[in-house]
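Worksheet for the structure shown next.
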Amino acid sequence: ATPVQMFVVLVLPLVFVAGGYARVPSDLVLLNDAVDQGAVCLDGSPPGYYLRTGSSDGANKWVIHLEGGGWCTNVGSCLDRSNTEPGSTAMRRDTAVFGGVLSDLENVNPYFYNWNSVFAVYCDGSSFAGNVEEPITAEESVIYLRGRRNLGAIINSLLQRGMENATDVILTGCSAGGLATYLNADYVGSLLPSGVKYRAFGDAGYIPDIASVDGVYSYRSVMQQVFEFHNIKEGASQQCLSSFPVSEQWKCMIANRSFPYINTPTFVYNAIYDELTVTTFYALDCVPPDCDEEQLKLFENFGKE
């Protein structure tokens, strides 16, 4: 296995910043043919991605960004999500522009501006990791839990569009897409041509498994529900799964638990004091400097943990 490289950045100038948006828009590619193989969004619409073709010395180099946007954990929340953009491609625009590592502006994105740019649409609620065979009927609607199939269909489509000749591929994502990068790095690598230089780069998806200020493991609870409801065991790292008893295999859904089992060279970009983590999962109801002395102590303790 290739040694994993890990760089944890302790401050947060996010990679996927606002601004620096591409001049040339990316086109939405819907994978209608993949529906027959069971690759579908929560609402049954086809999976898809936005693509901007590379040029010059970037023609055979690819950046694949996995969209983020939280998770759904049960029938009710997934049904609700299926009626929104995070659960369907039916509401997506035909074109879109992106910034950061997906920008085509050389002064903003000097290393990747002319690479093939892919923005994988997230419409499954499981960080592209779930796979439940049977559809679920809920309130006269049907929902599908097929995140891993969607990702496989996207990669296979990209291979047909030229990625089979790739020399370099970077898999990245932010938030739930950052977690998806960790969970799927080796899987995506297994689909790529041999000899390709492949790296994974997760942004803001390394949420630690720690208790809140009230002693509640709320993030753990969410991940356990996602793992079980979306049947993520089928696609999780077998090395990771075998390291835990069956009753604790859901831990492979959490980045700091699953990371040691990633074989792909993987880079971590994460803030110690990520605002979402601190306020939502750590449940600190303030953000410095708007904290009292006791809250600041809790804030510092979070960083130490």
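The values are calculated or read from the model by the stated rules, or taken from the named source; none is laboratory data. This is a predicted model, so every value here is computed, not measured. Note that each Cβ is placed from the backbone with ideal geometry, even for glycine, and that neighbours are counted across all protein chains shown. In case anyone asks, the SASA skips ligands and DNA or RNA and just uses the protein heavy atoms, side chains included. Shrake-Rupley method; radii C 1.70, N 1.55, O 1.52, S 1.80 Å.
Could you tell me the relative contact order of the chain? Use alpha-carbon pairs under 8 Å, at least six residues apart, and round to a whole percent.
22
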How would you order 177-184, 291-298, 96-103 from highest to lowest mean count of nearby Cβ atoms within 10 Å? 177-184, 96-103, 291-298
Heavy-atom accessible area per residue, the chain, 1.4 Å probe: how many Å²? 45
Quick check: from the Cα gyration tensor, does the range 168-305 come out rounded (a/c under 1.5), prolate or oblate? oblate
Dipole magnitude of the chain about its Cα centre (Cβ charges: Lys, Arg +1; Asp, Glu -1), debye to nearest 20: 940
Can you list, by residue number, the Cys in the chain that have no neighbouring cysteine C-beta under 4.7 Å? Cys174
For the peptides 52-59, 133-140, 276-283, what is the packing order when you average, over each peptide's residues, the other Cβ atoms within 10 Å and list the highest mean first? 276-283, 52-59, 133-140
How many percent of DSSP beta bridges within the chain run antiparallel, rounded to 5? 35
Report, to the nearest whole %, how much of the accessible area of the chain belongs to carbon and sulfur atoms, 1.4 Å probe, protein only. 50
